[in-house]
Amino acid sequence: MSKLGNIGARLYRGEVGYDFIGKRKIWYGLSILITIVAIVGLGVRGLNMGIEFSGGAVFTTPKTSVSASEAQHKAESVAGGHQAVVQKLGGGALRIQISGLDTKQSVPVQEELAKDLNVPVKDVNTQLVGPSWGEQIANKAWLGLGIFMVLVVLYLAIAFEWRMAVAALVALIHDLTITVGIYALVGFEVTPGTVIGLLTILGYSLYDTVVVFDSLKEASKDITKQTRFTYSEIANRSINGTLVRSINTTVVALLPVAGLLFVGGGVLGAGMLNDISLALFVGLAAGAYSSIFIATPLVADLKSREPQMKALAKRVKAKRAAAEAKAAGQEDAQEETAGAADAEDGDGAAVVGPRRQPASRNRGRGRPSGKRR
């Protein structure tokens, strides 16, 4: 068995573990700090909405020797200050995206771009995108997100209980907020690919959370009939028992996404892959974090406030106090027994060994004198 597998087996059996529940205030504080940073970034910088949402024109040029940075500068100058995004395509072609252009403005911009890039005007392909289409896509995305959240809460409330449903909902909102905030800080465009990535990470985040909840549900069955563990301790054992599985699942999912983000987007310049992969990368990492550090500790907090769980905690505490008192009494008894034994050994040391025989009993037993009586 590998070292990681051995650690996983020991975590599952409860031989080793980390107190996630006991340090939950630290995780709450860290999540609040990250969320505040994300919200500030979203409020200060805002989201860089793509042309699909803001409307504009997309110009695709044939092969040209002009670099992407030069093409961006020329496009913004001929577009009258409108923001331009330029991507280098295969074979030396360029994709120039200028937001806010209408049909009348796109024609002169196309001619100027062809002139500045030294390509024929007829070879510059122009595609116009209206803002109404992006608005429809955004509304459908919000509708889909709302339906998904409602179905998740209903499912978890039926399959588990309402406290787990609330905790899972908080974790999902936590993941979405962090992902959107980081998107705003990085400055990547929000495209339909971004929306797809955001909706995808909800499933991954929910998967990790449900795995821990299922283990917790099984471990906490008939919990009030025992006095060994409190609900928080069983929740902590459930997290440790599924910790290696959650790590393995997250790492396996993050590796190909990291390849898309850093290799496909950074090296090959893949446009929409950046939008999808960044949302997936941040969302998967945040989902793995929230399922362990947010969702389950929040369930433990909510459950620990129930009267039954409070009574269970008192019984467990009383039993442990009685066991400690009993153990302390046994230690005192052993010390007393050991002290008595030492005292007996000290008294017997004076009489141990051969005794000196009286002198009268040794008279006449020396050598014969040789005289006859």
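Quick rundown of the values:
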| quantity | calculated |
| --- | --- |
| Length released on extending from ALA68 to GLN334, taking residue separation times 0.36 nm less the Cα-Cα span | 87.4 nm |
| In order through the stretch 279-294: 3J(HN,Hα) via Karplus (6.51 cos²θ - 1.76 cosθ + 1.60), integer Hz, x for Gly, Pro | 4, 5, 5, 5, x, 5, 5, 5, x, 5, 5, 5, 5, 9, 9, 10 |
| Rounded if a/c under 1.5, otherwise prolate or oblate - the stretch 190-303, Cα gyration tensor axes | prolate |
| Orientation-averaged projected area, Cα convex hull of the stretch 198-252 (nm²) | 4.2 nm² |
| For LEU94, residues with placed amide H under 5 Å, excluding near neighbours | THR61, LEU89 |
| Carbon plus sulfur fraction of accessible area for the stretch 145-281, probe 1.4 Å, in percent | 72 percent |
| Positive minus negative residues near SER67 (Lys, Arg vs Asp, Glu; Cβ under 11 Å) | +1 |
| Karplus-derived HN-Hα couplings along the stretch 188-198 (A = 6.51, B = -1.76, C = 1.60, θ = phi - 60°), whole Hz, x at Gly and Pro | 5, 6, 8, 10, x, x, 5, 4, 4, x, 5 |
| Cross-link partners of LYS217 among lysines (Cα-Cα below 19 Å; sequence separation of 8 or more within a chain) | LYS225, LYS303, LYS310 |
| Global size of the stretch 94-198 as Cα Rg and Dmax, reported in angstrom | 21.2, 66 |
| Convex hull (Cα only) mean projected area of the stretch 144-203, reported in nm² to one decimal | 4.0 nm² |
| Cα-Cα P(r), the stretch 140-255, percent of pairs per 10 Å interval | 12, 36, 33, 14, 4, 1 |
| Integer Hz, Karplus 6.51/-1.76/1.60 couplings in order for the stretch 106-119, x for Gly and Pro | 5, 5, x, 5, 4, 5, 5, 5, 4, 5, 6, 8, 6, 10 |
| Estimated FRET transfer efficiency when R0 is 30 angstrom, pair HIS82-ILE36 (beta carbons, to 0.05) | 0.35 |
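The values are calculated or read from the model by the stated rules, or taken from the named source; none is laboratory data. Here the structure is a predicted model, which means the values were calculated and not measured. Methodologically, a virtual Cβ is constructed for each residue, glycine included, from the backbone with ideal geometry; neighbour enumeration extends over all protein chains shown. Please note that ligands, DNA and RNA were not included when accessible areas were found on the heavy atoms of the full protein model with its side chains. Shrake-Rupley method; radii C 1.70, N 1.55, O 1.52, S 1.80 Å.
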